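Nothing in this text is a laboratory measurement; each read-out follows from the coordinates by a stated rule. No experiment lies behind these values; they were computed from the predicted model shown.
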Amino acid sequence: MNAIILNNPLIQHKLSIIRSKKTGTKEFREIIGEIATFLCYEAMEDAVLEEVEIETPMGKTKAQKLDENQYAFVPILRAGTGMLDGLVKAMPNAKIGHVGLYRNEETLKPVRYYYKMPSDIANREVIVLDPMLATGGSANDTITMLKEDGVTKIKFLCIIAAPEGIQKLEEEHPDVKIYTAAVDEKLNDIGYIVPGLGDAGDRIFGTK
């Protein structure tokens, strides 16, 4: 399975808070960003570091440095932007692209309405962001578009995943690793993750 699940106790504690329907917008939004930062750390486990010489207050030494300009974050609008702050804190110099998709409530398939990427996106490792990997339709279409633009290194970060979404990405994009805080039981008959946490976008932006 391409899904890497972060079972760290602190992450699971944070997850329990955002699952609760009693959690308000401010706390929900903050914790989404915190979990996203943890996911980013895990996703960078295979990053290539360059040895550089620096000078500390005590003298010169060798250090390992990451070239942040080799990376791009791509949140899927709108909920994916809720994860963005957490990643930008970890890598502030990474470029940012955006993909706008909405779900057709009858077919449950994503419809594209916006796509804007850095001009050199093909030369970057791309980390796609969406809090919920449900049917996998939006994630699949986003990854397909990125590959059509020449991107060869892609990772997908989400807060909660459904088995159906993981299966779809593994079938369509077996080269893409999925990083998530939890894999839940299933999708319900309208394509929402159960038990999940509700509509992530509505809860991040307080629109319900």
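Cross-link candidates for K147: which lysines have Cα within less than 16 Å, leaving aside residues fewer than 8 places away along the same chain?
K116, K155, K177
On the Cα set of segment 1-83, report Rg and Dmax in Å, please.
Cα radius of gyration and Dmax of segment 1-83 are 17.5, 53 Å respectively.
Bins of 5 Å, beginning at zero and ending with the bin holding the largest distance: percent of Cα pairs per bin for segment 57-137, please.
Taking every Cα pair in segment 57-137, the percentages come to 3, 13, 21, 19, 15, 10, 7, 5, 3, 2, 1, 1, 0.
Taking all pairs of distinct Cα atoms, average 1/r, flip it, and tell me the Kirkwood hydrodynamic radius of segment 147-199 in Å to one decimal place. Provide the component values of the computation, followed by the final result.
Values: mean 1/r = 0.0825 Å⁻¹.
It is 12.1 Å.
For segment 102-208, report the translational diffusion coefficient in µm²/s to the nearest whole number, using Stokes-Einstein at 25 °C, 0.890 mPa s, and a Kirkwood Rh over Cα pairs. All intermediate terms of the calculation are to be shown ahead of the outcome.
On the way: Rh = 14.5 Å.
Answer from the Stokes-Einstein relation: 170 µm²/s.
I need the helices of the chain that pass two filters: whole DSSP H segments spanning 18 Å or more by Cα along the axis, and mean Kyte-Doolittle score no lower than -0.5. Don't jump to the answer; show the numbers that get you there.
Values: long enough: 25-43 (27 Å, 0.18).
Flagged H segments are 25-43.
Rounded to the nearest 500 deg cm²/dmol, what is the calculated helix-only ellipticity per residue at 222 nm for the chain, with -39500 (n - 2.57) per DSSP H run of length n ≥ 4?
Computed mean residue ellipticity for the chain: -10000 deg cm²/dmol.
In a Gaussian network model over the chain where Cα atoms closer than 10 Å are linked, find which of G59, G97, G136 has the largest mean-square fluctuation.
G59
If the reach is capped at under 19 angstrom between alpha carbons, list the aspartates and glutamates near K26, excluding any in the same chain fewer than eight residues apart.
Reachable aspartates and glutamates: E34, D85, D130, D199, D202.
What Kirkwood Rh does the chain have if only Cα atoms enter the pairwise 1/r average? Answer in Å.
Details: mean 1/r = 0.0568 Å⁻¹.
Evaluated on the chain, it is 17.6 Å.
Of all DSSP beta bridges located in the chain, what percent are antiparallel, nearest 5? Spell out each step's value before the answer.
Working: 16 of 41 bridges.
Of those bridges, close to 40 percent are antiparallel.
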